[in-house]
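Novice: Here it is, the structure, as structure tokens.
We did not get these values from a lab; they are worked out from the coordinates using the rules stated. Since this is a predicted model, take the numbers as computed values, not measurements. Ideal geometry is used to build each Cβ from the backbone, glycine not excepted, and the neighbour counts take in all protein chains shown.
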Amino acid sequence: MTPDPATTPSPEMSEALRQLRFCAFCPNPCRSGLPLDGTARAESTMPSAMAFLCLAVTDGRVVLSEEVRDQLARTDTIELAQRECPYGFDIAAALRAAVAELPQ
Ligand code: SF4
């Protein structure tokens, strides 16, 4: 059976989803990349939490409300933490790529 190009993700999207699926169940060893400046960072903004939320939306388990869209745009903590990602993932980019594919 030939894959349907309309529903087959691009290689870039496949890679983004692969990284997000891994990250969603990772215990955040990249937390060490966050500066010790006293800034409070919500657990919900950590890479694995954001990856999990993004996948829940792309899988249709969470409705893409305005609040959820705003949450998915908050990549500042991810940008800091992923500098210490031992897997070399760019979760912020993967998340942006996945969100760009969501209905507007
Ligand atoms: S960014 Fe890397 S280290 Fe951090 S939670 Fe995701 S996969 Fe794990």
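Novice: Loop-only check: which trypsin sites (Lys or Arg not before Pro) in the range 45-75 are DSSP coil with at most 16 other Cβ within 10 angstrom?
Specialist: For trypsin sites (Lys or Arg not before Pro) across the range 45-75 that sit outside H, G, I, E and B with at most 16 neighbouring Cβ atoms in 10 Å, the list reads R61, R74.
Novice: Nearest 20 debye, what's the magnitude of the dipole of the chain about its Cα centre given +1 on Lys and Arg Cβ and -1 on Asp and Glu Cβ?
Specialist: So the magnitude is around 220 debye.
Novice: Per-residue HN-Hα couplings for the range 83-100, Karplus 6.51 cos²θ - 1.76 cosθ + 1.60 at θ = phi - 60°, whole Hz, x for Gly and Pro?
Specialist: 4, 9, 5, x, 9, x, 7, 10, 5, 4, 5, 4, 5, 4, 5, 5, 5, 4
Novice: Suppose each label sits 7 Å from its Cα in the direction of the beta carbon; what would the S65-R18 distance come out to in nanometres?
Specialist: 3.5 nm
Novice: Sticking with this one: Measuring from centroid to centroid over Cα atoms, what is the spacing of the range 69-104 and the range 10-32 in Å?
Specialist: Each part's Cα centre sits 9 Å from the other's.
Novice: Turning to a different aspect of this structure: So if we plug the beta-carbon distance of D37 and S10 into 1/(1 + (r/R0)^6) with R0 = 35 Å, what FRET efficiency do we get, rounded to 0.05?
Specialist: Efficiency at R0 = 35 Å is approximately 0.35.
Novice: Same structure, new question: Mind checking the range 5-104 for chymotrypsin sites (Phe, Trp or Tyr not before Pro) that DSSP puts in a loop (not H, G, I, E or B) and that have at most 14 other Cβ atoms within 10 Å?
Specialist: F25, Y87
Novice: I would also like to ask the following. What fraction of the Cα pairs in the chain, stated in percent, has a spacing above 25 angstrom?
Specialist: Cα-Cα pairs of the chain separated by over 25 Å account for 21 percent.
Novice: Pairs of alpha-carbon atoms within less than 8 angstrom and 6+ residues apart define the contacts here; what relative contact order does the chain have, in percent?
Specialist: Relative contact order, the chain: 38 percent.
Novice: Applying the Karplus parametrisation 6.51 cos²θ - 1.76 cosθ + 1.60 with θ = phi - 60° to the phi angles of the range 51-59, what ³J(HN,Hα) value in whole Hz is obtained for each residue in order, glycine and proline being reported as x?
Specialist: Once θ is set to phi - 60°, the couplings for the range 51-59 become 5, 4, 4, 4, 5, 4, 6, 5, 7 Hz.
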